[in-house]
Amino acid sequence: MAEGNTSAPVRLEGKYGAMLVCWVLGNGCLFSWNSMLTIQDYYIALFPNYHPSRVLTLIYQPFALGTLAILAYNEAKINTRKRNLFGYTLFFIATFIVLVLDLATSGKGGLGSFIGICVISGAFGVADAHVQGGMIGDLSFMLPEFLQSFLAGLAASGALTSSLRLITKAAFDNSQDGLRKGAILFFAVSTLFELLCVLLYAFVFPKLPIVKYYRAKAASEGSKTVASDLAAAGVYKQGPETKDEHDPQQVERLNNKELLLQNIDYAIDLFLIYALTLSIFPGFLSEDTGSHNLGSWYALVLVAMYNVWDLIGRYIPLIKCLKLESRKGLMVVILLRSLFVPAFYFTAKYGDQGWMIMLTSLLGVSNGHLTVCVLTCAPKGYKGPEQNALGNLLVLFLLGGIFAGVTLDWLWLIGKGW
């Protein structure tokens with residue numbers, strides 16, 4: 001068989017290049033959204049009565065969740081290449097419109113501007129559902145290191161945007177209109193970055209030998225979602241679908257319901273990780289931690305600490321002895337994270353800023369570490385099309401957890417006159 005003789009030489013070619021591209025594409029998946037979250041000090045000044053950090057997240061989530069539910073249901077019939085390119089292009093256009101909207105209104109607040117920002121937030125949600133589910137599904141049938149790199153890229157987008165925000169705030173802090181200048185620079189960088197992701201996914205990623213190898217392997221196992229990616233890489237054979245010997249294999253493919261039932265603990269794990277994290281970050285950290293010596297820098301420092309430690313947490317599973325692979329162990333650790341809620345409540349009420357920074361770091365590192373452990377352990381042992389479907393289903397539960405967390409985040413406002 002042709003596949004047999006190609007596997008050895010092709011398998012490792014371009015591995016590190018592919019890991020780097022996955023990292024950049026992971027970054028691009030959340031860069032625009034993190035930019036919007038990170039410049040919340042500008043939006044809070046611009047729209048003081050509308051709770052922007054909470055409202056924008058609450059609008060983003062239903063769009064992301066609804067779109068992904070439709071995409072996950074029809075996953076086996078969807079062209080992955082078109083799906084991911086649509087997502088990255090929408091990120092690019094929406095980020096550019098944020099910039100145009102701010103320049104067109106000369107940075108004036110008001111309800112019209114806020115509604116415009118809310119619509120863009122919804123567009124980010126739709127783009128995220130296309131890209132995050134599409135990429136994680138696609139990478140689930142390749143090397144676990146690719147998925148780990150993509151997930152680390154997701155976290156790195158938070159760390160990068162936070163660092164960039166601290167730099168722009170320091171650069172423009174004392175100038176007139178400083179907040180706005182920083183925000184505009186920020187979105188200009190984001191727009192260029194999203195354009196880079198569109199070009200990388202369209203022209204670089206599909207042509208890497210190792211990526212071609214895994215996509216051809218998935219196609220030979222009955223996957224129909226990789227055909228146009230293979231065509232873009234110059235591999236035109238539609239082979240397996242036309243060969244009778246593969247028909248039984250295609251029939252054998254587990255459907256979404258069976259896959260979900262076999263992996264329901266992983267799905268619940270992801271739901272709980274993100275429900276807890278998003279009930280604290282970013283809303284509680286940016287609005288409810290009181291006033292401290294760091295003044296207007298305090299919320300930015302907390303968000304930056306969370307993002308940096310989330311990124312570090314995603315690299316910890318590369319050390320084999322620290323990677324948590326036991327299904328029961330994962331569930332126990334994830335349930336223990338619920339102790340963060342009383343810890344944050346009492347620290348905000350009675351604690352010092354040092355304790356709050358430490359807690360935020362722990363929240364970040366546990367979030368990153370557990371996400372990578374769950375998403376890299378779950379696809380093991382399945383065929384290519386099943387791994388793709390499972391990746392999509394798990395991201396659906398992850399986004400469901402984010403939506404639940406964002407909704408629970410409003411409970412911190414009880415008793416504050418809202």
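A few notes on this one:
- Given (1) surrounded by fewer than 18 Cβ atoms within 10 Å (Cβ to Cβ); (2) touching an Asp or Glu at 6+ places or on another chain (Cβ under 8 Å); (3) not charged (D, E, K, R), number of the condition Leu179 does not satisfy: (1)
- Tally, over the range 100-110, of residues that are surrounded by fewer than 18 Cβ atoms within 10 Å (Cβ to Cβ) and either part of a helix (DSSP H, G or I) or within 20 Å of the chain's Cα centre (by Cα) (or both): 4
- Filtered by the rule that a residue be in contact (Cβ under 8 Å) with a residue 60 or more places away in the chain, over 19 Å from Tyr88 (Cα atoms), open to solvent by 10 Å² or more (accessible area, probe 1.4 Å) and of a type outside the set (D, E, K, R), the range 220-234 gives Ser220, Gly222, Ala227.
- Residue match in the range 39-61 (condition: open to solvent by 40 Å² or more (accessible area, probe 1.4 Å), at pLDDT 90 or above, in a helix (DSSP H, G or I) and farther than 30 Å from Ala218 by Cβ): no
- Every listed requirement among (1) surrounded by 20 or more Cβ atoms within 10 Å (Cβ to Cβ); (2) over 23 Å from Tyr60 (Cβ atoms) is met by Leu370 save one, (2).
Conditions (1) within 16 Å of the chain's Cα centre (by Cα); (2) over 30 Å from Leu46 (Cα atoms); (3) not hydrophobic (A, V, I, L, M, F, W, C), marked per residue:
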| site | (1), (2), (3) |
| --- | --- |
| Gln61 | yes, no, yes |
| Leu65 | yes, no, no |
| Ile70 | no, yes, no |
| Glu75 | no, yes, yes |
| Lys82 | no, yes, yes |
| Tyr88 | yes, no, yes |
| Thr95 | no, no, yes |
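- Just so you know, in the range 160-176 the residues that are assigned to a helix (DSSP H, G or I) and without any contact (Cβ under 8 Å) to a residue 60 or more places away in the chain include one that is surrounded by the most Cβ atoms within 10 Å (Cβ to Cβ), and it is Thr168.
- Selected residue (only one of Ala69, Ala64, Ala18, Ala8 is at pLDDT below 80 and either touching a His at 6+ places or on another chain (Cβ under 9 Å) or part of a helix (DSSP H, G or I) (or both)): Ala8
- Only listed residue being in contact with a Phe, Trp or Tyr (Cβ under 7 Å, 6 or more places away or on another chain), in contact (Cβ under 8 Å) with a residue 12 or more places away in the chain, closer than 18 Å to Met135 by Cβ and in a helix (DSSP H, G or I), chosen from Leu396, Leu375, Leu390: Leu390
- Total residues in the range 253-266, condition in a helix (DSSP H, G or I) and either closer than 15 Å to Lys224 by Cβ or in contact (Cβ under 8 Å) with a residue 60 or more places away in the chain (or both): 5
- Here Gly354, Gly381, Gly329 are screened, and the one residue that is part of a loop (DSSP other than H, G, I, E, B) and surrounded by fewer than 18 Cβ atoms within 10 Å (Cβ to Cβ) is Gly381.
- Screening Ile334 against (1) farther than 19 Å from Ala275 by Cβ; (2) part of a helix (DSSP H, G or I) leaves a single unmet condition, (1).
- Restricting the range 111-159 to residues that are touching a Leu at 6+ places or on another chain (Cβ under 9 Å) and either among the polar types (S, T, N, Q) or not in a helix (DSSP H, G or I) (or both), the residue that is farthest from Lys380 (Cα to Cα): Ser113
- Any hit, the range 252-261, residues being at pLDDT below 70 and surrounded by 13 or more Cβ atoms within 10 Å (Cβ to Cβ): no
- Taking (1) in contact with a Gly (Cβ under 8 Å, 6 or more places away or on another chain); (2) surrounded by fewer than 21 Cβ atoms within 10 Å (Cβ to Cβ); (3) at pLDDT 90 or above in turn, Leu375 satisfies each apart from (2).
- Meets criteria (out of contact with any strand residue (DSSP E or B) (no Cβ under 7 Å at 6 or more places or on another chain), modelled with pLDDT under 85 and either of a type in the set (D, E, K, R) or buried (at least 22 other Cβ atoms within 10 Å of the Cβ) (or both)) for Pro282: yes
- Restricting the first member to the range 108-136 and to residues that are polar (S, T, N, Q), and the second to residues that are open to solvent by 10 Å² or more (accessible area, probe 1.4 Å) and outside any helix (DSSP H, G or I), the beta-carbon pairs closer than 8 Å and six or more apart or on different chains are Ser113/Thr105.
- Unique residue being open to solvent by 30 Å² or more (accessible area, probe 1.4 Å) and either on the phi > 0 side of the Ramachandran plot or modelled with pLDDT of 90 or more (or both) when the list is Val198, Val131, Val204, Val189: Val204
- Among the residues making up the range 338-350, a single one is open to solvent by less than 30 Å² (accessible area, probe 1.4 Å) and over 14 Å from Phe281 (Cα atoms): Thr347.
The values are calculated or read from the model by the stated rules, or taken from the named source; none is laboratory data. As the structure is a prediction and not an experimental result, all values here were calculated from the model. Glycine also receives a Cβ, built like all others from the backbone with ideal geometry; neighbour counts cover every protein chain displayed. Keep in mind that these areas ignore ligands, DNA and RNA; they rest on the heavy atoms of the full protein, side chains included. Shrake-Rupley method; radii C 1.70, N 1.55, O 1.52, S 1.80 Å.
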